[in-house]
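First up is the structure itself, then whatever we jot down about it.
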Amino acid sequence: MENKSNELALLKVIEQYENIIIAKHVSPDWDTQGSAYALREIILNNFNNKNVYVVGEKMNFGTREEDESKLTEGIISTSLLITVDVANFERVDFEFKEKVKEVFKVDHHLEVDNFGKGKLVDPSAIACTQVITLWSNNCNLKLTKLGATYLYFGLITDSGRFLFEKTNGKTFLAAKILVEAGVIITEVYSELFLKKLELAKWHNKAFSMAEFKNNNEIAYIKVTSDFFETLNLGEEEVKSALTVLSGIKEIKIWALAYQTPGNENVKVSIRSRDFNINSVATNYNGGGHKLASGAKLNSWNELDNLITDLQDLIE
Ligand SMILES: [Mn+2]
């Protein structure tokens, strides 16, 4: 298998360098951050005399990784840079990425940008953490409970708790390896999915605010800026109420439209199980993925048109 030699290549290149920088993608999620932290843990526990620096924005904090302040020109120019969970070089969250000695890419996205001298890429993997888990296992590297826990965070978030399409046998093999390395899954789930009461109340209210069209095939929630202000929640939290409309048999397309205080624009998050809603979103200043996409309207007046276009997808 081709990846066998790539797995050995990653092992070898780590052996060759004393200074190793690990970079995530911009707007980090758990897959990139879990990959980065776990890889640092694996390297420090299996190789002697390595300096490992994780760089980039810290997820949910908006601050930078502390390791960045330790880097000097001398360290950077003699470093190996390992990128995790990033398909395009421009999305690598490291200011001095052009200045390193060598780049190695570890990823699970479709290859669009062939950067990096070496690479370990499996586009069939649901998460980058899956690629790293199987690599460390195949190479008989020691995996600590902490490292395994970081990897598990990425595995379950990118797979939607093993729900999404690309979840396969290798995903469960990775989960098995991680659990056997000591991951306490209930702790991970609590940290990720326990919500505060304020948010639960909003979700409950949000469902009662839903409007239905097309024989319940379309459902959407409208959050005006006035109402937004009465919620004591952040934008991501307000948006998260979209999930209350998912997983309902009759509802084929669902959306949440909201206006943040002080803004005319109306942002809309749209989801579907089957219909290519992205084709509509791109006509409204937006885009994303086939089944999960966003749009940006100039005002509430445009919402009816958007809903009509979504109806047309079904009919
Ligand atoms: Mn990912």
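Please give the per residue accessible area of the chain, computed with a probe of 1.4 Å over protein heavy atoms only, in Å².
Details: 15720 Å² over 315 residues.
About 50 Å² of surface per residue is accessible.
Just name one of Leu8, Gly160, Ser69: the one whose Cα is farthest towards the positive end of the charge dipole of the chain (beta-carbon charges, Lys/Arg +1, Asp/Glu -1).
Leu8
In whole percent, what relative contact order does the chain give with Cα contacts below 8 Å and a gap of six or more residues?
Values: 577 pairs, mean separation 37.2, N = 315.
Relative contact order of the chain: 12 percent.
Once the dipole of the chain is set up with Lys and Arg at +1 and Asp and Glu at -1 on Cβ about the Cα centre, which of Val92, Tyr258, His108 lies farthest towards its positive end?
His108
In whole percent, and with a 1.4 Å probe on the protein chains, what portion of the accessible area of segment 197-314 is carbon and sulfur? List each step's numbers first, then the result.
On the way: 2670 of 6050 Å².
Percent of accessible area from carbon and sulfur atoms in segment 197-314: 44.
Compute the acute angle (0 to 90°) between the alpha-carbon long axis of helix 197-209 and the principal axis of greatest extent of the alpha-carbon atoms of the chain; round to the nearest 10°.
40
By its C-alpha gyration tensor, with a ≥ b ≥ c as the square roots of the eigenvalues, how is segment 197-314 shaped: rounded for a/c under 1.5, else prolate for a/b larger than b/c, else oblate?
On the way: a/c = 1.78, a/b = 1.25, b/c = 1.42.
It is oblate, given that a/c is not under 1.5 and a/b is not larger than b/c.
Leaving out ligands, DNA and RNA but keeping every protein chain, what accessible area does Trp300 have, in Å² rounded to the nearest 10, with a 1.4 Å probe?
In the full protein context, Trp300 sits at about 60 Å².
With +1 on the Cβ of every Lys and Arg and -1 on the Cβ of every Asp and Glu, and nothing else charged, how large is the dipole of the chain about its Cα centre, in debye rounded to the nearest 20? It would help to have the intermediate numbers written out before the result.
Working: 35 positive and 44 negative charges, 160 e Å.
Taking the Cα centre of the chain as origin, the dipole is about 760 debye.
With angles folded into 0 to 90 degrees, how steeply does helix 169-180 sit against the dominant principal axis of the chain? Use alpha carbons for both and round to 10.
So the inclination is approximately 70 degrees.
Taking only DSSP H segments of four or more residues, each worth -39500 (n - 2.57), what value at 222 nm results for the chain once the sum is divided by all its residues, to the nearest 500 deg cm²/dmol? Could you put the intermediate results ahead of the total?
Working: 12 runs with 123 residues, N = 315.
The per-residue figure over the chain is -11500 deg cm²/dmol.
For helix 145-158, what angle does its Cα long axis make with the longest principal axis of the chain, in degrees from 0 to 90 and rounded to 10?
40
The values are calculated or read from the model by the stated rules, or taken from the named source; none is laboratory data. Here the structure is a predicted model, which is why all the values come from computation and not from measurement. Cβ atoms come from the backbone with ideal geometry, glycine included; neighbour counts cover every protein chain shown. What goes into the accessible areas is simple: the full protein's heavy atoms, side chains included, and nothing from ligands, DNA or RNA. Shrake-Rupley method; radii C 1.70, N 1.55, O 1.52, S 1.80 Å.
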